[in-house]
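Student: Pasting a structure below so you can have a look.
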Amino acid sequence: MVNPDKYKSIGNGFAVTVREDGFRGLAKGWAPTFIGYSMQGLCKFGFYEVFKVFYSDLLGEENTYLWRTSLYLAASASAEFFADIALAPMEAAKVRIQTQPGYANTLRQCAPKMYAEEGLWAFYKGVVPLWMRQIPYTMMKFACFERTVETLYKYVVPKPRSECSKPEQLVVTFVAGYIAGVFCAIVSHPADSVVSVLNKEKGSTAAQVLKKLGPKGVWKGLVARIIMIGTLTALQWFIYDSVKVYFRLPRPPPPEMPESLKKKLGLTE
């Protein structure tokens with residue numbers, strides 16, 4: 001994505017990386033990736049639950065149901081805003097390690113070098129394009145997941161969630177997570193391309209990178225991203241729901257229309 005002349009496809013990218021750096025090259029940048037996305041995931045899922053309850057209390061029971069998709073979008077966008085502040089430093093270090101040969105091989109080498117050269121700004125110069133990439137991604141991720149779960153239980157699963165076993169519920173979670181991940185990858189890919197090049201090239205701005213990549217360039221690597229993000233999103237939701245099951249934390253069922261709203265709409269006898 002950051003060097004399309006060298007890496008012409010996903011298969012070619014693997015081959016070139018293994019040929020030049022061995023199989024260890026495929027794991028370059030694992031430490032900032034692991035730390036950064038762990039911090040981001042903790043903030044994202046934690047703040048999502050907080051903001052979902054907060055906005056629901058503001059709306060009230062009936063409006064929460066009627067405007068539930070908007071609620072998911074607002075809560076996830078708010079959560080991601082703070083999650084990206086936690087992610088940005090590690091994302092910047094990861095891109096430097098992966099895209100600038102010889103710059104640094106580990107996080108311990110990379111972080112002090114970045115700070116010495118550019119100060120604290122080196123770790124946060126990509127936060128705005130990161131918001132541009134991650135906020136739409138997360139809004140799609142949570143809203144699509146919530147509505148997909150609702151749809152699966154309504155039209156695909158032959159029985160209510162309350163009658164499903166825990167393993168059956170987790171299968172629904174994984175499938176809904178993968179579907180959400182595919183849409184996430186498509187929505188966020190152009191901004192991801194900009195962030196990657198921006199962190200690679202010193203002194204560039206998001207507008208300059210976008211102009212350089214062009215309409216076609218921002219979509220390079222989409223198939224690889226769909227595979228990665230689809231699997232990652234499915235696993236994230238699966239792990240998150242599994243933790244809730246293990247610790248017996250509240251797992252609200254898919255939303256149902258409140259009785260008061262049914263009466264207003266004449267849906268009850």
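Student: Between GLN134, GLN169, GLN208, where does the largest GNM mean-square fluctuation fall for the chain, given springs only between Cα atoms within less than 10 Å?
Tutor: With Cα springs under 10 Å in the chain, the top fluctuation among GLN134, GLN169, GLN208 is at GLN208.
Student: Express in Å², to the nearest 10, the accessible area of ILE35 obtained by rolling a 1.4 Å probe over the protein heavy atoms while all chains stay in place.
Tutor: 70
Student: Averaging over all projection directions, find the projected area of the Cα convex hull of the chain and quote it in nm² with one decimal place.
Tutor: Dividing the Cα hull surface by four gives the mean projection, 17.1 nm².
Student: Continuing with this model, one more query. Relative to the compact globular guide of 2.2 N^0.38 Å, what is the alpha carbon radius of gyration of the range 186-249, as a ratio?
Tutor: In units of the globular-protein estimate, the range 186-249 measures up at 1.56.
Student: From the protein chains alone at 1.4 Å, what is the descending order of accessible area for ASP57, ASP84, largest first?
Tutor: ASP57, ASP84
Student: Give me the percent relative contact order of the chain, please, defined on Cα pairs under 8 angstrom at least 6 residues apart.
Tutor: Once normalised by length, the contact order is 20 percent.
Student: Ok, one more. What pairs from LYS125/LYS211; LYS52/LYS154; LYS154/LYS262; LYS125/LYS216; LYS52/LYS244 go past 20 Å between their alpha carbons?
Tutor: LYS52/LYS154; LYS125/LYS216
Student: Something else about it: Distance between Cα centroids, the range 225-268 to the range 126-165: provide it in whole Å.
Tutor: Cα centroid of the range 225-268 versus Cα centroid of the range 126-165: 8 Å apart.
Student: Viscosity 1.306 mPa s, temperature 10 °C: give me the Stokes-Einstein translational D for the range 153-269 in µm²/s, with Rh taken as the Kirkwood radius over C-alpha pairs.
Tutor: 90
The values are calculated or read from the model by the stated rules, or taken from the named source; none is laboratory data. Given the structure is predicted, the values throughout are model-derived calculations rather than measurements. SASA here: full protein model, heavy atoms, side chains in, ligands and nucleic acids out. Shrake-Rupley method; radii C 1.70, N 1.55, O 1.52, S 1.80 Å.
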